[in-house]
Amino acid sequence: MDDIRFDGRVAIVTGAGAGLGRTYALALAEKGAMVVVNDLGGAPDGSGASNRAADEVVADILDAGGKAVANYDSVATKQGGDNIVKTAVDAFGKVDILINNAGILRDKSFLKLEEAEWDIVLAVHLKGAFNVAQPAFKIMKENSYGRIINTASGAGLYGNFGQVNYCAAKMGLVGLMNNICIEGARYNILCNAIAPIAASRLTKDVLPPSICEKLKPEFVTPLVLYLVSEQNTDSKMIFNCAAGWFSRTEILCAPGICLGDGKRPVKAEEVRDNWAAITSMEQGRPLANITESFGFLGSILS
Ligand code: NAI
């Protein structure tokens, strides 16, 4: 098969001034893409702003002979999202690839979490992805081509103590992905989600240095590059990726058991007595959309 290349493709990487996003921007540019390096340049908790992070990555790309422009907007506002996409269109004429990557942390245990900490984390991760994806989708639809990555997290998929705002936002990104996939399929717009683990300023205080050395952000990059390439045709998938480990994770629907007949309400005791069948994940499978779940209702609907 041919090498994966992005010649002629325009990519937006949000939060590309550091960590994982920086590696995506550098790698995409090295493989021929024109890249919008978006970064607000704030602290890990989302406070402050600076042009420096994005400018440095753009300088690295230009020095290596690549094509890139900087954008300093926050993904957290609609205006910011619109302007990030406008930056791509003004500089390079279109958007083919969007990597929703920008992120911050405001960790607190559930009862200690303040409303403002909930709001800002949801605004950057979840609304931020929406803010950029919606105007990008419009252009991708016009061109019948799009590749989108939403950055979820194992914390959202599986849970993590002290990260209720972050976990909720990250699972929200899976929901956003589901609908982008369904509504984008007919326009060749694909979307996948990743749950990376990598050493970065967000994880340096929680991961021991010996482990950090093996969790280079660059080890996540190849999966992202493949997913946003023309060669990938898969969509609506969720991937774990860390240190060279790549695996798929899924939300499955199991057949369960039909207790009712659509005419009578089932008793709580019947639920209790059939708990093993209700909770069994045997023959569970991912569903293409909610309508498919009606298939499990079997004779109840007929
Ligand atoms: P990082 O802190 O190195 O990079 C995040 C970048 O996003 C920073 O450069 C920051 O300035 C930028 N950013 C923050 N708020 C922004 C905003 N409102 N608008 C534009 N840019 C903004 O962190 P890292 O680790 O590279 O994280 C990248 C993504 O991966 C985040 O979404 C994070 O939640 C996610 N992730 C990372 C994991 C890890 O192990 N490093 C684990 C799971 C998910």
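Data for the structure
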| quantity | calculated |
| --- | --- |
| G172, sole failed condition from (1) at pLDDT below 95; (2) within 14 Å of the ligand (Cβ to nearest atom) | (1) |
| Cβ pairs under 8 Å, 6+ apart, first in the stretch 18-34 and under 17 Å from K94 (Cα atoms), second open to solvent by less than 10 Å² (accessible area, probe 1.4 Å) and within 13 Å of the ligand (Cβ to nearest atom) | A25/V13; A25/A16; A25/V37; A25/V57; L28/V13 |
| Of the criteria (1) part of a loop (DSSP other than H, G, I, E, B); (2) open to solvent by 60 Å² or more (accessible area, probe 1.4 Å); (3) touching a Gly at 6+ places or on another chain (Cβ under 6 Å), which one R264 fails | (3) |
| Candidate set from the stretch 142-199 (those that are closer than 23 Å to S109 by Cα and free of Cβ contacts under 8 Å to residues at least 12 places away in the same chain); member that is surrounded by the most Cβ atoms within 10 Å (Cβ to Cβ) | N160 |
| M1, sole failed condition from (1) assigned to a loop (DSSP other than H, G, I, E, B); (2) open to solvent by less than 50 Å² (accessible area, probe 1.4 Å); (3) hydrophobic (A, V, I, L, M, F, W, C) | (2) |
| Residue list for the stretch 24-42, filter: buried (at least 24 other Cβ atoms within 10 Å of the Cβ), more than 20 Å from Y145 (Cα to Cα) and more than 8 Å from the ligand (Cβ to nearest atom) | V37 |
| Residue that is farthest from A199 (Cα to Cα) [pool: residues in the stretch 236-257 that are in a loop (DSSP other than H, G, I, E, B) and open to solvent by 70 Å² or more (accessible area, probe 1.4 Å)] | I257 |
| Count of the stretch 4-23 residues which are within 15 Å of the ligand (Cβ to nearest atom), part of a loop (DSSP other than H, G, I, E, B) and of a type outside the set (S, T, Y) | 4 |
| Count of the stretch 83-121 residues which are under 25 Å from S235 (Cβ atoms), open to solvent by 10 Å² or more (accessible area, probe 1.4 Å) and assigned to a helix (DSSP H, G or I) | 2 |
| Any chance D45 is modelled with pLDDT of 95 or more and either crowded, with 19+ Cβ neighbours inside 10 Å or within 13 Å of the ligand (Cβ to nearest atom) (or both) | yes |
| Check on E56, within 11 Å of the ligand (Cβ to nearest atom) and surrounded by fewer than 19 Cβ atoms within 10 Å (Cβ to Cβ) | yes |
| Unmet criterion (only one of (1) in contact with a strand residue (DSSP E or B) (Cβ under 9 Å, 6 or more places away or on another chain); (2) more than 21 Å from N150 (Cβ to Cβ); (3) open to solvent by 70 Å² or more (accessible area, probe 1.4 Å)) for S293 | (3) |
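The values are calculated or read from the model by the stated rules, or taken from the named source; none is laboratory data. Everything quoted here is computed from the prediction, not taken from an experiment. Heads up, the Cβs are rebuilt from the backbone with ideal geometry, glycines too, and the neighbour counts pull from every protein chain shown. Accessible surface areas use protein heavy atoms only, side chains included; no ligands, DNA or RNA. Shrake-Rupley method; radii C 1.70, N 1.55, O 1.52, S 1.80 Å.
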